[in-house]
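Let me begin by presenting the structure, written as structure tokens, before commenting on it.
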Amino acid sequence: MSSEPATSFSELFPELFPIIIGHLPLVYRPSTSYSLALTCHRLHDIVFPQLVYGHVRLVGEDQAVSTVNALIAKAELVTKENLQKQGNPSPSHCIRHLCINASIKLPIRTPGHSLNVLQKLIDVDGLRHLSALTLQVFGKWDWSKGDLPIDDLLKPPPSFGTSLKTKCPNLKTVHLSYFSQEFGKEWIEPEIFSLESLTSIRLECHLHSYTLPTSINLSQLPPNLHTLDLRLCHAESYFGIDASSPGGLLGCVIPNLRTLILDDFLVSDPASTNTFWKAHPGIERLEFWPDVIGSWFNNFEIGMLPNLKYLQCNVDHALVLLPQVSDALIRLSLWKTYNAQGPYLLRVVAQNGILPALRSLGIERESGNSPKPREGHRWREDENGDVSEADVKRPARKFDGNYIMSLSKAAPNLEELELTGTSDDTLDSITASLSRFPKLQRLILSGGIDSYERAFFARSKNWEDYTDFDTIHIAEEDYGKYAPETFDDAARDLADGCRTLDIVTMGDNFGELLIEGGLSAKIIRECDGGAVKEVKRIKAWGNIIGKEEEW
């Protein structure tokens, strides 16, 4: 009896390809679609232009300007008759998600920069089907000339919000990073919050000329919002946005809220926090970045945040939350742990000392011998689970095999691990402990990008990859027990010792998806779980789980 021949990938029904591409993390979709288009004529006809232009990420000012101008030229040739006959005759009409990552020299003196050409593309109906817009635009200023005049701060074009509202009727997501807002000249509230179709908002912005305590009116957020990401830094002080103020976050009820991400926020009235958490039981993802301060979980009650799956917070917040939510967590990122507090939180504070659903873990760790009392920082366990405490006078703890072993006991189903801090252990000890994670695929370690960061491997500060960065030369006697000569050597050694690793990355952007200046290698093996055949340099990304729809 003969069996039917297996269907090759290129023979799949055309309708399946959007589904297949949609299952990939967003950061991989553009390159994958483009690669498919180059495979053969049939796949090219399937994926071009709909899938190739479906998710577009433009990197650098030159690429952004030239590409958008080319899209404008094609969009301007489209007539109503073309639309009726061909549907989407212009490539830009296929764009559903557009990301621009660029730097604009300040002050802006010419109109042809990426933000203005984007505005023109919108105005000529070039983005009529856009559903998500991400702008990661840096303003470059020569600080040797003094402070940047406030009138020259980077802001969206004057009619940007109006254009989005009238020309992009399907827009659901707006993510804007590195812009500024001046008090009395607000654009966030009238231009962005007024877009009633939005379901996801991310704003990473500087606020200028605001009085203290700083507040921003959140009372008019879009009604169907499910993702709110606010990292609003007060430009003239270290004080954050007061979430307790009138019109502030804690006074809001956002019925469909599932994701809340905050930085530079404070709570002046801790008594108001429980009311907010009780009003938002649907929150699945909660991220508090380092400058979220105050008592956000004052008298936290059992049963609050029942759907929490993704958590990023500092040690104080984790001490309150983990006993209640650890069983369901899929991703956990911990800021500002000291010595052994990372494994202590997972093995002692979390329910039963195990997080069965956890697939992604990140730990930022400082090491030292400070006499300041910190819960759990001297904690230690051996392979048998016997617990002891480090010498009270010398409790300093680095990332070593024992530390990672405790993590493996707490998170047996981990797929990605991010460790920011120093290590001083042998390669064999580190990889033996990493191999305790049977599903570990992605490893992110701190690199030596600048003199202030704590490199996992001390010698990395001397690597040629970092010659253009502000690093301190490390003497040979300070290299530590494992001193790889290059990043490629480190990636190969780690992957040879831990046979499940698929990607090894080093960078200094803890908790970030995009690791600027990072080093990353795809591991090519002789066979599944076999020896390393090749390490191939790729774009550096951080932990991805829970961020599959982000850039």
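Some notes on this structure:
- Between C40 and D151, residue separation times 0.36 nm minus the direct Cα-Cα distance comes to 34.8 nm.
- Computed over segment 133-245, the range of Cα coordinates on each principal axis works out to 44, 32, 21 Å, biggest value leading.
- Under 19 Å from the Cα of K74 - lysines, other chains or at least 8 residues apart: K85, K120, K167
- Positive-end residue of Y482, C168, N274, charge dipole of the chain with Cβ unit charges: C168
- Within the assembled protein chains, the solvent-accessible surface assigned to E512 is about 60 Å², based on a 1.4 Å probe.
- Between V387 and D62, the modelled label-to-label distance comes to 5.8 nm, taking each label 7 Å out from Cα in the direction of the beta carbon.
- Under a 5 Å amide H cut-off, with hydrogens placed 1.01 Å from N, T199 pairs with T173 among residues at least 5 apart or on other chains.
- The chain, dipole about Cα centre (Lys/Arg Cβ +1, Asp/Glu Cβ -1), debye to the nearest 20: 1180 debye
- In this Cβ point-charge picture (+1 for Lys and Arg, -1 for Asp and Glu), segment 211-368 has a dipole of about 560 debye about its Cα centre.
- Site pair T162 and R394 shows an inter-label distance of 7.0 nm when each label is modelled 7 Å from Cα along Cα→Cβ.
- Residue-averaged [θ]222 nm for the chain, counting only DSSP H segments that reach four residues, each worth -39500 (n - 2.57): -6000 deg cm²/dmol
- Of the accessible area of segment 461-551, computed with a 1.4 Å probe over protein heavy atoms only, carbon and sulfur atoms account for 42 percent.
- Within segment 151-175, backbone nitrogen closer than 18 Å to the virtual label 7 Å beyond the Cα of E549 toward Cβ: 169-175
- Radius 12 Å from Cβ of I523, net charge of other residues (Lys, Arg +1; Asp, Glu -1): +1
- Other residues whose C-beta falls under 15 angstrom from the C-beta of D382 contribute a net charge of +1, scoring Lys and Arg +1 and Asp and Glu -1.
- For segment 136-272: relative contact order, % (alpha-carbon pairs under 8 angstrom, 6 or more apart): 19 percent
- Residues in the chain average 45 Å² of solvent-accessible surface per residue, probe 1.4 Å, ligands and nucleic acids excluded.
- Here r is the Cβ-Cβ distance between N298 and R525 and R0 is 30 Å; the resulting FRET efficiency, rounded to 0.05, is 0.05.
- Counted by Cβ distance under 10 Å from T214, the other residues give a net charge of -3, where Lys and Arg count +1 and Asp and Glu count -1.
- For the pair segment 17-33 and segment 43-79, the centres of their Cα atoms are 17 angstrom apart.
- Using the Cβ-Cβ distance between R109 and E76 with R0 = 22 Å, the FRET efficiency computed as 1/(1 + (r/R0)^6) comes to roughly 0.30.
- The dipole here belongs to segment 24-176: it is taken about the Cα centre, uses +1 on the Cβ of Lys and Arg and -1 on the Cβ of Asp and Glu, and is about 380 debye.
- Across the chain, C-alpha contacts under 8 Å between residues 6 or more apart give a mean separation that, scaled by the residue count, equals a relative contact order of 7 percent.
- Rolling a 1.4 angstrom probe over segment 345-460 with all protein chains present gives an accessible area of which 44% lies on carbon and sulfur atoms.
- Protection proxy ranking of 65-73, 317-325, by the mean of other Cβ atoms within 10 Å over each peptide's residues and highest first, is 317-325, 65-73.
- Using θ = phi - 60° and Karplus 6.51 cos²θ - 1.76 cosθ + 1.60, couplings along segment 217-230 (whole Hz; Gly, Pro as x): 7, 9, 6, 10, 5, x, x, 9, 5, 10, 10, 10, 10, 10
- Sequence-separation-based contact order of segment 217-346, relative, with Cα cut under 8 Å and 6+ spacing, percent: 19 percent
- The packing ranking, built from the mean of other Cβ atoms within 10 Å per residue, places the peptides 498-508, 298-308 in the order 498-508, 298-308, highest first.
- In terms of the mean number of neighbouring beta-carbon atoms within 10 Å, the peptides 539-545, 434-440 order highest first as 539-545, 434-440.
- Once the Cα gyration tensor of segment 341-420 is diagonalised, semi-axes √(5λ) in Å: 21, 14, 11
The values are calculated or read from the model by the stated rules, or taken from the named source; none is laboratory data. Since the model is a prediction, treat every value here as computed from it, not as a measurement. No Cβ is skipped: glycine too gets one built from the backbone with ideal geometry, and neighbour counts run over all protein chains shown. Remember, those area values only see protein heavy atoms, side chains included, never the ligands or the DNA or RNA. Shrake-Rupley method; radii C 1.70, N 1.55, O 1.52, S 1.80 Å.
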